[in-house]
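The block underneath contains the structure these notes are about, expressed in structure tokens.
The values are calculated or read from the model by the stated rules, or taken from the named source; none is laboratory data. Small disclaimer: the values here were computed from a predicted structure and weren't measured. Glycine gets a Cβ as well: all are built from the backbone with ideal geometry, and neighbour counts include every protein chain shown. Accessible surface is based on the protein model in full, side chains and every heavy atom, while ligands, DNA and RNA are left aside. Shrake-Rupley method; radii C 1.70, N 1.55, O 1.52, S 1.80 Å.
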Amino acid sequence: MRVIASSIRKGNVIEQDGKLYVVVSAENIHPGKGTPVSQIEMRRISDGVKISERYKTTDQVEKATIEERNYTYLYEDGDGFHFMNPETYDQVQVPKDVVGDAAAYLQESMTVKLSMHDTNPVSIALPQRVTLEVVETEPVTKGQTASSSYKPAVLSNGVRTTVPPHISVGTRIVVMTEDGSYSERAKD
């Protein structure tokens, strides 16, 4: 299916020169003078090579047909990450380079969206938020107002983030999976 370059987003899969590429980042640039362009960084699915392309925003690119399905995360081993289709109980193995930074947020029996081309997993989409526990942070300082001064913290998955001053070690918080930022205190 041919689409204009400016409509390409992160996670889309493009077919170019008979090879499949997953979009890592896509940015539309509108300079003061000249034609607007789409700067697209992609990773070749077959071997993981990253390339960067510039298209005029009106250029046509071939978007590959991708099937998105919900899968349940099972476990990780030396070969990669294993997921199960909850309807058919079929298991699929996803290589570590496809999962990438999302690996830190994977939790047992978490439902994720896997994008499949034929039978090959090409990209993964996590839930927007996950609940994690703070394992390391500075102690709560009495009398400190809840101003915009955030303090560093380490979460149970090893990710570093910043949290408000009133959050202490052992507190469960909700984190945005896109950038690891603090969202709110967990309600459980």
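Only helical DSSP H runs with n ≥ 4 go in: add -39500 (n - 2.57) per run for the chain, normalise by residue count and round the 222 nm mean residue ellipticity to 500 deg cm²/dmol.
It lands at -500 deg cm²/dmol.
Take the chain and mark each of the GluC sites (Glu not before Pro) that is in a DSSP loop with at most 15 other Cβ atoms within 10 Å; the longest unmarked stretch, sites excluded, is 1-86.
Quick one: dipole size for the chain, taken about the Cα centre, charges +1 on Lys/Arg Cβ and -1 on Asp/Glu Cβ, in debye to the nearest 20. Could you put the intermediate results ahead of the total?
Details: 21 positive and 26 negative charges, 172 e Å.
Result for the chain is approximately 820 debye, rounded to the nearest 20.
Loop-only chymotrypsin sites (Phe, Trp or Tyr not before Pro) in the range 49-90, please: DSSP not H, G, I, E or B, and at most 14 other Cβ atoms within 10 Å. Hits after loop and neighbour filter: Y89.
At a probe radius of 1.4 angstrom, the accessible area of the chain per residue rounds to 60 square angstrom. Along the chain, counting only trypsin sites (Lys or Arg not before Pro) with a DSSP assignment other than H, G, I, E or B and at most 16 other Cβ atoms inside a 10 Å radius, the longest segment between sites is 34-141. For the chain, modelled as a GNM with alpha-carbon contacts under 10 angstrom, which of G80, G170, G34 fluctuates the most? It is G34. Under the combined filter of DSSP loop state and at most 14 neighbouring Cβ atoms within 10 Å, the range 101-188 retains these chymotrypsin sites (Phe, Trp or Tyr not before Pro): Y150.
Within the listed set D97, D17, D59, the Gaussian network model of the chain (springs between alpha-carbon atoms below 10 Å) gives the highest mean-square fluctuation for D17.
Kindly list the residues of the range 103-128 that lie in the label zone of T88, defined by a backbone N under 16 Å from the point 7 Å along the Cα-to-C-beta vector. Answer for the range 103-128: 114-122. Across the range 49-60, computed HN-Hα scalar couplings (Karplus, 6.51 cos²θ - 1.76 cosθ + 1.60, θ = phi - 60°) run 5, 8, 9, 10, 10, 10, 10, 5, 4, 9, 4, 9 Hz from first to last residue, x flagging Gly and Pro. The calculated FRET efficiency for the pair Q107 and K33, based on their C-beta separation and a Förster distance of 41 Å, comes to about 0.25.
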